[in-house]
Amino acid sequence: MTNPIMIILQIVVLLLVAGIVGITLALNVKSEGLGAAITGASDTYRGAVGVEEQKRQLLSRLCYTFVGVSFAFAILQTWL
């Protein structure tokens with residue numbers, strides 16, 4: 001029988017992935033190309049103003065959370 005904690009972590013990982021994809025597609029990177037959208041690189045030395053900067057910060061937080069939850073999932077999967 002599958003552990004309920006593992007099911008919850010799988011759902012959280014799927015939601016994080018959907019959020020990462022959605023935010024990445026919503027970024028305004030018309031002149032910078034897809035590579036800049038994925039890596040967050042920019043030709044300007046100043047951060048984007050307003051909503052775009054908030055999207056980038058949210059994307060970075062989602063990515064860090066994804067790494068942490070995925071690590072916890074992998075550790076728990078070996079122990080449970």
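The values are calculated or read from the model by the stated rules, or taken from the named source; none is laboratory data. What you see is a predicted model; the values in this text were computed from it and never measured. Here the Cβ positions follow ideal geometry from the backbone for every residue, glycine too, while neighbour counts run over all protein chains shown. Accessible surface areas use protein heavy atoms only, side chains included; no ligands, DNA or RNA. Shrake-Rupley method; radii C 1.70, N 1.55, O 1.52, S 1.80 Å.
Please indicate, with yes or no, whether at least one residue in the range 23-42 is modelled with pLDDT under 85, within 15 Å of the chain's Cα centre (by Cα), in a helix (DSSP H, G or I) and among the hydroxyl-bearing types (Ser, Thr, Tyr). Yes, the range 23-42 contains at least one residue that is modelled with pLDDT under 85, within 15 Å of the chain's Cα centre (by Cα), in a helix (DSSP H, G or I) and among the hydroxyl-bearing types (Ser, Thr, Tyr). Is it true that LEU62 is modelled with pLDDT under 95 and not β-branched (Val, Ile, Thr)? In short, no. Looking across the range 55-80, the residues that are among the aromatic types (Phe, Trp, Tyr) and either open to solvent by 70 Å² or more (accessible area, probe 1.4 Å) or not in a helix (DSSP H, G or I) (or both) come down to TYR64, PHE71, TRP79. Among the residues making up the range 14-30, those that are open to solvent by 30 Å² or more (accessible area, probe 1.4 Å) and within 15 Å of PHE71 (Cα to Cα) are LEU14, VAL17.
Return the residues of the range 51-80 that are out of contact with any helix residue (DSSP H, G or I) (no Cβ under 8 Å at 6 or more places or on another chain) and of a type in the set (A, V, I, L, M, F, W, C); say none if nothing qualifies.
Applying the first criterion (out of contact with any helix residue (DSSP H, G or I) (no Cβ under 8 Å at 6 or more places or on another chain)) to the range 51-80 yields 51-54, 56-57, 60-61, 64, 67-68, 71, 74-75, 78-79.
Passing the criteria: VAL51, VAL67, PHE71, ALA74, ILE75, TRP79.
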